[in-house]
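Just so you know, all these numbers are worked out from the coordinates, no wet-lab data involved. Owing to the predicted nature of the structure, the values given are computational and were not obtained by experimental measurement. As a convention, Cβ positions derive from the backbone with ideal geometry for all residues, glycine included, and neighbour counts pool all protein chains shown.
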Amino acid sequence: MSIADKLNTIKSELPSHVKLIAVSKTHPVEAIMEAYNAGHRLFGENKVQELVSKYEQMPKDIEWHLIGHLQTNKVKYIAPFVSLIHSVDSLKLLKTINKEAAKNNRVIDCLLQVHIAQEETKFGLSTQELHDILKSPELDQLNNIRICGLMGMATFTDNIQQVRNEFRNLKNIFDEVKNAYFQMESFFKEISMGMSGDYRIAIEEGSTMVRIGSNIFGHRIYS
């Protein structure tokens, strides 16, 4: 199957409220253009340098999402154009995104990354840290960012029930946060969870955005 065929097959299975972020990391511009020419416009990259390079080479109606860990010193490179940052894991990072967004006269949409896996992955907020950020008076001063939801990554395991429970946990946290801080905000609606191996479970548990790479583009290409 071609990239376009794989993409369209996945899209045909997705409920209408679920967005597909085609994860194009490590794949060349030619491969991404195949997806683009099939009508797709939402692409996700893990690394800032690769994201900037592809942004410069590709059509400007693409919505670029940064889904990998973001260091504060790299924010300035993507602030002029990034559509959504999935991986915000500190108030310090939010402040930096706000500052760089203001310089570019933009409001940048962000998701707060919550640590839901049992693996000791490096990134993601605990529930307590999440609430600490959302209660912080400093957050009210950040007028150039908009928190639109949460992101999480399940444990990489064959234990389907564990994966399901982790996704369910993120949905429960989302509901709590929505109720406590964003009850009147229609923009707080995104739950970014689910990748190539587990996106169907994620959708069943409430995902609104799935991040799929290898099922569309094949295995990662490392130079």
Applying the gyration tensor rule to the Cα atoms of the range 13-162 (axes a ≥ b ≥ c; rounded if a/c under 1.5, else prolate if a/b exceeds b/c, else oblate), the class is oblate
Distance in nm between GLU13 and ASN169 label points, each 7 Å along Cα→Cβ, equals 2.6 nm
Using alpha carbon centers only, the range 158-208 is separated from the range 88-142 by a whole-angstrom value of 17 Å
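Magnitude of the Cβ-charge dipole of the chain, K/R +1 and D/E -1, about the Cα centre, nearest 20 debye?
Values: 26 positive and 27 negative charges, 104 e Å.
Dipole size: approximately 500 debye.
Find the relative contact order for the range 14-103 and round it to a whole percent, using C-alpha pairs within less than 8 Å whose residues are 6+ positions apart. Let's see the in-between values first.
Working: 105 pairs, mean separation 20.8, N = 90.
Answer for the range 14-103 is 23 percent.
Can you tell me, using C-alpha contacts under 8 Å and at least 6 residues apart, the relative contact order of the chain as a whole percent? Each step should come with its number before you reach the end.
On the way: 387 pairs, mean separation 45.1, N = 223.
Averaging sequence separation for qualifying contacts and normalising by length gives 20 percent for the chain.
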Length-normalised contact order of the range 43-94, Cα under 8 Å, at least 6 apart, in percent, tallies to 38 percent
With +1 on the Cβ of every Lys and Arg and -1 on the Cβ of every Asp and Glu, the dipole magnitude of the range 134-223 about its Cα centre, in debye rounded to the nearest 20, is 200 debye
If unit charges are put on Cβ atoms (+1 for Lys and Arg, -1 for Asp and Glu) and the dipole of the range 1-112 is taken about its Cα centre, the option from ASN104, ALA4, PHE43 lying farthest towards the positive end turns out to be ASN104
Taking 0.36 nm per residue of separation between GLU120 and PHE187 and subtracting their Cα-Cα distance, the length gained on full extension comes to 21.0 nm
The long-range amide H neighbours of GLY44, using H built 1.01 Å from N in the peptide plane and a cut-off of under 5 Å, are ALA22, VAL23, SER24, HIS65
In nm, the gap between the two label points placed 7 Å beyond Cα toward Cβ at ASN73 and ASN104 is 2.0 nm
In terms of the alpha carbon gyration tensor, root eigenvalues a ≥ b ≥ c, rounded if a/c is under 1.5 and otherwise prolate when a/b exceeds b/c or oblate, the range 98-197 is prolate
With DSSP loop assignment and no more than 11 other C-beta atoms within 10 Å, the chymotrypsin sites (Phe, Trp or Tyr not before Pro) in the range 157-215 are PHE187
